[in-house]
Amino acid sequence: MSFEWPWQYNFPPFFTLQPNVETRQKQLAAWSSLTLSFCRHHKLYTLDVMEAQVSPVFNNKSIDRKLSTDAILVVFEELRKKGNLEWLDKNKTRCLVMWRRPEEWGKLIYQWVSKNGMVNTVFTHYELANGDDTEGEEFHGLEEWMLIRSLQALQTDGRAEIISMDDGKGVKFF
Amino acid sequence: MRNQHGKYFWQKRRTRVTEQDRAVLQLKQQRDKLKQYQKRITLQLEKERNLAKQLLKDGKKEKALLLLKKKRYQDQLLDKTENQISNLERMCQDIEFAQIEMKVIEGLKVGNDCLKSLHEAMSIEDVERIMDETQDAIEYQREIDEMLAGALTQEDEDAVLAELEAITQGEDLDLPEVPVEPVPEFNKEELQLHPERQRKKQKEGVAI
């Protein structure tokens, strides 16, 4: 299944930030959703601003247009405001992308756990994200930080408890 | 922010993770490590097989043989790992099942205690006494019923009616004239539909 680009992607002005406030808002919304759906399609959880510049999302070679670094930062800032993105460093070079909120991930994981009758069981984090049993589940291959956040969300609801041990972490579902 | 908040509250609450859970987790972590090791060895084996093929093609039979020996050794390691993984998994399942058994026993114990306390609350003597008392009460109630019903037996009722008749006969009654028109036929259905009303009518007739 290949990624479906939105129509704007082949529209050259889309790659230049528009001065008109209203147009700009629409443009940023489109960029936000494009970034998120691209990351979702490729299961990307972290983005690097330098790498993003050469990634096909912000660089459409077929029409020879690319979004400038400043514009990318504006888009990222927009995503941050909506809670879909978090900076990993102060210099804003790397960031975490959450195209699905931790609560939603938590829900997916919990659904899988209860569907398989494994409530009240202990899991290692590795087992959940990389185990053979979760092969084919959407959360398979989830990055550690995202996994921890979704488990924390479940913990807040009282449906899970994170267990920390000397080496590695685990979780128990309720 | 919310997560930190949640965590803060969580730490105050009692944890629901038991020692057994921790033990299971440790076993599972061990298993994860073995699985990762397994993956590494499998990949390595694949690589070495290809390399051996290449060596054979190049005519370096000695080297290929050496490589295959090494591969054989790793194959054995892989088997051992597999065994260890299944050992660990069996151990996990044993612990989990023992936990379930313990819960079953706990449940039975609670049920047993409950039954015991219920039995304590109703001793045989109590039951006998209560049954006796109930019997007495039934007897008593029957006596009351008899006394109440006995105040007016069927005979008495008949006597009352007879007296009423005697009084009515003795009086000169101002009866209405008998109607001349023929009596309209009774609608049978109506009779069936409203038997009570009909009866009422009849009764009224009697009373007059």
Q: Filter region A:114-143 down to the residues that are in a helix (DSSP H, G or I) and within 13 Å of chain B (Cβ to nearest Cβ), then identify the one that is surrounded by the most Cβ atoms within 10 Å (Cβ to Cβ).
A: A:Leu128
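Out of all the residues in region B:43-63, which are surrounded by 14 or more Cβ atoms within 10 Å (Cβ to Cβ) and part of a helix (DSSP H, G or I)?
Residues satisfying the conditions are B:Gln44, B:Leu45, B:Glu48, B:Leu51, B:Ala52, B:Leu55, B:Leu56, B:Lys63.
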Q. With (1) closer than 30 Å to B:Tyr37 by Cβ; (2) within 14 Å of chain B (Cβ to nearest Cβ); (3) crowded, with 18+ Cβ neighbours inside 10 Å; (4) of a type in the set (Val, Ile, Thr) as the list, and A:Ile162 as the residue in question, which single condition is left unmet?
A. (3)
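Looking for something assigned to a loop (DSSP other than H, G, I, E, B) and buried (at least 18 other Cβ atoms within 10 Å of the Cβ) - is there at least one such residue anywhere in region A:149-157?
Looking through region A:149-157, none of the residues is assigned to a loop (DSSP other than H, G, I, E, B) and buried (at least 18 other Cβ atoms within 10 Å of the Cβ).
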Q: Mind telling me which of the residues B:Glu146, B:Glu155 ends up being loosely packed, with under 10 Cβ neighbours inside 10 Å and either free of Cβ contacts under 8 Å to residues at least 24 places away in the same chain or closer than 30 Å to B:Leu27 by Cβ (or both)?
A: B:Glu155
Q.
Given the criteria under 30 Å from B:Ile41 (Cβ atoms) and aromatic (Phe, Trp, Tyr), does B:Tyr73 qualify?
A. yes
Q.
Can you go through B:Glu106, B:Glu62, B:Glu128, B:Glu120 and tell me which one is within 30 Å of A:Val122 (Cα to Cα), free of Cβ contacts under 8 Å to residues at least 40 places away in the same chain and more than 14 Å from chain A (Cβ to nearest Cβ)?
A. B:Glu106
Q) Inside region A:29-51, can you point out the residues that are among the charged types (D, E, K, R), within 12 Å of the chain's Cα centre (by Cα) and at negative phi? A) A:Arg40
Q) With respect to the numbered conditions (1) surrounded by fewer than 17 Cβ atoms within 10 Å (Cβ to Cβ); (2) without any contact (Cβ under 8 Å) to a residue 12 or more places away in the chain; (3) over 30 Å from A:Glu51 (Cα atoms); (4) of a type outside the set (A, V, I, L, M, F, W, C), which one is the sole condition not fulfilled by A:Lys81? A) (3)
Q | Pairs, first within 9 Å of another protein chain (Cβ to nearest Cβ) in region B:18-29, second of a type in the set (Ser, Thr, Tyr) and surrounded by 21 or more Cβ atoms within 10 Å (Cβ to Cβ), C-beta under 8 Å, six or more apart | A | B:Leu25/A:Thr124; B:Lys28/A:Thr124; B:Gln29/A:Thr124
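All of the numbers you see were taken from the coordinates with simple rules; none came from a lab. Bear in mind the structure is a predicted one, so any value in this text is a computation, not a measurement. A quick note on method: Cβ atoms are made from the backbone with ideal geometry, for glycine too, and the neighbour counts reach across all protein chains shown.
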